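For reference, the structure discussed in these notes is given below.
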Amino acid sequence: MNGLSLDGRVAVVTGGAGGIGRAVCADLASLGAHVVVADIDAAGAKEVAAALGGTARRVDLADPADIDRFTAEVGRVDVLVHNAGVSFVEKFTDSDPAHWDLMWKVNLRAPMQLTKALLPGMTERGWGRLVFVSSDGARAGSGGEGAYAATKAGMFGLAKTLAREAARDGVTSNVVCPGPTDTPMGRAVAERHPGLLDKLARQIPLRRIARPDDIAGLVAFLCTDRAGYITGQTMSVSGGITMA
Ligand SMILES: NC(=O)c1ccc[n+]([C@@H]2O[C@H](COP(=O)([O-])OP(=O)(O)OC[C@H]3O[C@@H](n4cnc5c(N)ncnc54)[C@H](O)[C@@H]3O)[C@@H](O)[C@H]2O)c1
């Protein structure tokens, strides 16, 4: 299949040291992109970047001043994958507003700030890719994830608006919604709720929770030329548990 090469493109992956982020970095690098692994976990980012011949950059996405520093230093960016995320699972009426604030900052405000800084370069060059890693919890609701789902649902409106605003300049903007995925974040939830993953797997038509590779394949495809006619879309990668 033609049109899959990302040779000469520079891709920033936030949360690139995490479970899904690592897989996204690996797939983008395998298509030829130079990958900038952006994460608060400096050691993890360094390890991922070293394995792929990419660049590691530590950034705290909860800190707007640090995001400004990052965007000033990073240089040209053609592909921006908003993958970093934090989640707290707590019944909404018991939830801690300090957790809302952190999730708003990392999950939604940071993608807004990064896009505001890096999209103009893409539109000037006439080519760019924005991919937002949201969650099926935002599409379908998910017990204990009210505030998290709200921040992740905010990505839908942002991504679709950017799709409309940037289409004429060759930039696409799409959302990928993982279902339950075997990553440190997924395992942390499972530890607090024993038996949850097995129960979920039984409800998933494809009968297993996702592996990071399952998510990364679609994210990477959306970054290629071959996906150049796909924009403003929200796609689940969840073994069929969410079909709407
Ligand atoms: N694992 C799942 O079941 C699941 C399901 C739906 C959606 N998601 C979403 O997928 C994305 C990736 O999640 P994952 O499962 O790989 O989680 P993960 O915890 O393995 O990775 C998240 C990464 O984000 C980084 N990060 C967290 N706070 C940061 C900050 N302030 N600044 C910079 N980096 C920061 C972490 O260091 C980590 O490397 C997240 O946005 C998550 O919400 C995950």
**OP:** Could you give me the residue pairs with C-beta distances under 8 Å whose first residue belongs to segment 97-126 and is farther than 23 Å from residue 75 by Cα and among the acidic types (Asp, Glu), whose second residue is assigned to a helix (DSSP H, G or I) and at pLDDT 95 or above wherever it lies, and which are 6+ apart or on separate chains?
**Re:** none
**OP:** State which residue is farthest from residue 180 (Cα to Cα) when the search covers only segment 80-117 and only residues that are part of a helix (DSSP H, G or I) and among the hydroxyl-bearing types (Ser, Thr, Tyr).
**Re:** 115
Original post:
Is there any pair linking a residue in segment 131-143 that is among the aromatic types (Phe, Trp, Tyr) to one that is crowded, with 22+ Cβ neighbours inside 10 Å and at pLDDT 95 or above, with Cβ under 7 Å and at least six apart or on different chains, and which?
Top reply: 132/82; 132/111; 132/155; 132/159; 132/175
Original post:
Which one is nearest to residue 24 (Cα to Cα), of the residues in segment 78-105 that are more than 16 Å from the ligand (Cβ to nearest atom) and either among the aliphatic types (A, V, I, L, M) or buried (at least 21 other Cβ atoms within 10 Å of the Cβ) (or both)?
Top reply: 79
**OP:** For segment 195-239, name all the residues that are away from the ligand (no atom under 15 Å from the Cβ) and either at positive phi or without any contact (Cβ under 8 Å) to a residue 12 or more places away in the chain (or both).
**Re:** 195, 202, 207, 229, 232
Original post:
Inside segment 49-63, can you point out the residues that are near the ligand (Cβ under 9 Å from one of its atoms) and aliphatic (A, V, I, L, M)?
Top reply: 59, 61, 62
Original post:
Looking at 243, 235, which one is under 24 Å from residue 160 (Cβ atoms), assigned to a strand (DSSP E or B) and either modelled with pLDDT of 95 or more or not β-branched (Val, Ile, Thr) (or both)?
Top reply: 235
Original post:
What is the number of the single condition among (1) surrounded by fewer than 21 Cβ atoms within 10 Å (Cβ to Cβ); (2) at pLDDT 95 or above; (3) within 11 Å of the ligand (Cβ to nearest atom) that residue 108 does not meet?
Top reply: (1)
**OP:** Just need a number here: residues in segment 166-199 that are crowded, with 20+ Cβ neighbours inside 10 Å, within 21 Å of residue 138 (Cα to Cα) and not β-branched (Val, Ile, Thr).
**Re:** 7
**OP:** Show the residue pairs that are 6+ apart or on different chains and have beta-carbon atoms under 6 Å apart, the first residue being within segment 164-175 and in contact (Cβ under 8 Å) with a residue 24 or more places away in the chain, the second being of a type in the set (Asp, Glu) and crowded, with 20+ Cβ neighbours inside 10 Å.
**Re:** none
**OP:** Test residue 36 against the criterion of being among the β-branched types (Val, Ile, Thr) and farther than 19 Å from residue 176 by Cα, and give yes or no.
**Re:** yes
**OP:** Return a yes/no flag: does segment 144-162 have any residue that is more than 12 Å from the ligand (Cβ to nearest atom), surrounded by fewer than 16 Cβ atoms within 10 Å (Cβ to Cβ) and under 20 Å from the mean Cα position of the chain (by Cα).
**Re:** yes
Subject >> Positions within segment 118-137 being closer than 16 Å to residue 12 by Cα and in a loop (DSSP other than H, G, I, E, B), in sequence order >> reply: 127
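The values are calculated or read from the model by the stated rules, or taken from the named source; none is laboratory data. Quantities reported herein were computed from a predicted structural model and do not represent experimental measurements. Quick reminder, even Gly has a Cβ in these numbers, built from the backbone with ideal geometry, and neighbours come from all protein chains shown.
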